[in-house]
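The values are calculated or read from the model by the stated rules, or taken from the named source; none is laboratory data. From a predicted model like this one, the values you see are computed outputs, not experimental measurements. Neighbour counts run over all protein chains shown; Cβ positions are idealised from the backbone, glycine included. When the accessible area is computed, the model is the full protein with side chains, heavy atoms only, and any ligands, DNA or RNA have been set aside. Shrake-Rupley method; radii C 1.70, N 1.55, O 1.52, S 1.80 Å.
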Amino acid sequence: MSWNRRHVLSLADFSPLEYDTVLQTASSFREVLTRRTKKVPTLQGQVVANLFFEPSTRTRSSFELAAKRLSADTLNFAASTSSITKGETILDTAKTYLAMGTDMMVIRHKEAGVPQAIADEMDRLNVKVGVLNAGDGQHEHPSQALLDLFTICSLMDVEKPRSSLLKGKKVAIVGDILHSRVARSNIWSLTATGAEVYLAAPPTLLPKEFADFAKDSDLDRKLFIHWTLEPALIDADFVMALRLQKERMTSHLLPSLREYHQQFGITRDRLKLCKPEVKVLHPGPVNRGVEISSDLMDDPVLSLISQQVTSGVAVRMALLYLMGGGKVG
Ligand code: NCD
């Protein structure tokens, strides 16, 4: 076990040992979640504040449930009903939660860098509050990539999910890469654990800068860029589809959703190019019938979408536990 982080803001500098620590801890919590009493006293007396400045269904609920299963007290905040609407700054909101005795802050914001700024402020104040990035703009979404990793590794070895299982596996990430913090965090976790990552999207959603990024010495021969779907799908072990983030598209980047589906939509037919045991992931929310055909999305054999959601609780329990200290129980 290796862990000495107070905050989880990005996966860019995570080591394989740290990935294994998260996987192993999440695996213990998955076992807890199968018990009759699905609760452990690990974070009793601690306060976890969910500060979501942007809409969310699964991430917010999953963090809330994870904190509750660890016996923490939870505070939920939604920007639209908060004092932000009265002009309070984000840092002042964070300090208000600090003054109530918050031990960990889970933060989502539409601007990249907000969780980092709050973490820096907490460090400057020397208050030992942990900050977890639950998605910041187009930057990162570490807990999503960690639950994706846990889902994939658990599929390969449910007893001992570990990062080395990914060595040599081909993962295609398809869709709105440009706007996706999920893609960025997954690029770090998957390449660091030995997978080969193939990005595929139309050029408007996968700009040429990604090709330069792929030449970076850390990513060379681990990250590949394609502006058509087929080369990314050939012999893929896993296909991760990403939502078209219409709310972040400032200009017209797509001819039509129908055309996108025709060229980049994941369908049963297209999966024939992949390995026979291929599995499909999607972080959700899904534009049904756009990124993935509707029947494939609900296919209990091919789709891992519900397993991803289930994994989310155990992985977020692991992160809160590792950041907050205590016993798995
Ligand atoms: C993602 C997000 O918010 O970044 N969703 C999620 O957290 N499960 C992806 C998305 O919004 O498309």
So which of 38/160; 167/215; 39/160; 110/170; 86/246; 208/246 end up more than 24 Å apart by C-alpha? 110/170; 86/246
To the nearest Å, what is the center-to-center distance of region 112-136 and region 57-76, using C-alpha atoms only? 18 Å
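Once you keep just the Cα pairs under 8 angstrom separated by 6 or more residues, what percentage relative contact order results for region 53-146?
On the way: 93 pairs, mean separation 23.3, N = 94.
Relative contact order comes out at 25 percent.
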The chain - percent of accessible surface contributed by carbon and sulfur, probe 1.4 Å: 52 percent
The alpha-carbon pair-distance distribution computed for region 142-309, with 10 angstrom bins and whole-percent values, is 11, 43, 37, 9, 0
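Rounded to a whole number, what is D in µm²/s for region 284-326 from Stokes-Einstein with the Kirkwood radius over alpha-carbon pairs (20 °C, 1.002 mPa s)?
Approximately 177 µm²/s, per Stokes-Einstein.
Would you calculate a helix-derived [θ] at 222 nm for the chain, using -39,500 (n - 2.57) for each DSSP H run of n ≥ 4 and dividing by the full residue count, to the nearest 500? Please report the intermediate quantities before stating the final value.
On the way: 11 runs with 119 residues, N = 329.
Result for the chain, helices only: -11000 deg cm²/dmol.
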Solvent-accessible area per residue for the chain at a 1.4 Å probe radius, Å²? 43 Å²
Can you pull out the GluC sites (Glu not before Pro) in region 216-277 whose DSSP state is coil and whose Cβ has at most 11 other Cβ atoms within 10 Å? 277
Excluding ligands and nucleic acids, what accessible area in Å² is computed for residue 42 using a 1.4 Å probe, to the nearest 10? 20 Å²
Rh (Kirkwood, all Cα-Cα pairs) for the chain, Å, reads 20.2 Å
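DSSP loop (so not H, G, I, E, B), at most 14 other Cβ within 10 Å: list which trypsin sites (Lys or Arg not before Pro) in region 93-163 pass both filters. Present the calculation step by step, with values, prior to reporting the outcome.
On the way: sites: 95, 108, 110, 124, 128, 162; in loops: 110, 128, 162.
Counting only loop positions with at most 14 other Cβ atoms within 10 Å, the trypsin sites (Lys or Arg not before Pro) in region 93-163 are 128.
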Taking region 216-329 and dividing mean pair separation by its residue count, relative contact order in percent (alpha carbons under 8 Å, at least six apart): 27 percent
Note: residue 155 to residue 37 extended length (0.36 nm per residue) minus current alpha-carbon separation gives 40.0 nm
Expected field for residue 246, accessible surface area in Å² at 1.4 Å probe radius, rounded to 10, holds 110 Å²
Charge context of residue 177, other residues only, Cβ under 13 angstrom, K/R +1, D/E -1: +2
For the chain, give the share of DSSP beta bridges that are antiparallel, in percent and rounded to the nearest 5; count only bridges with both residues there. 5 percent
The chain: angle of helix 142-156 to the longest principal axis, Cα-based, in degrees nearest 10: 60 degrees
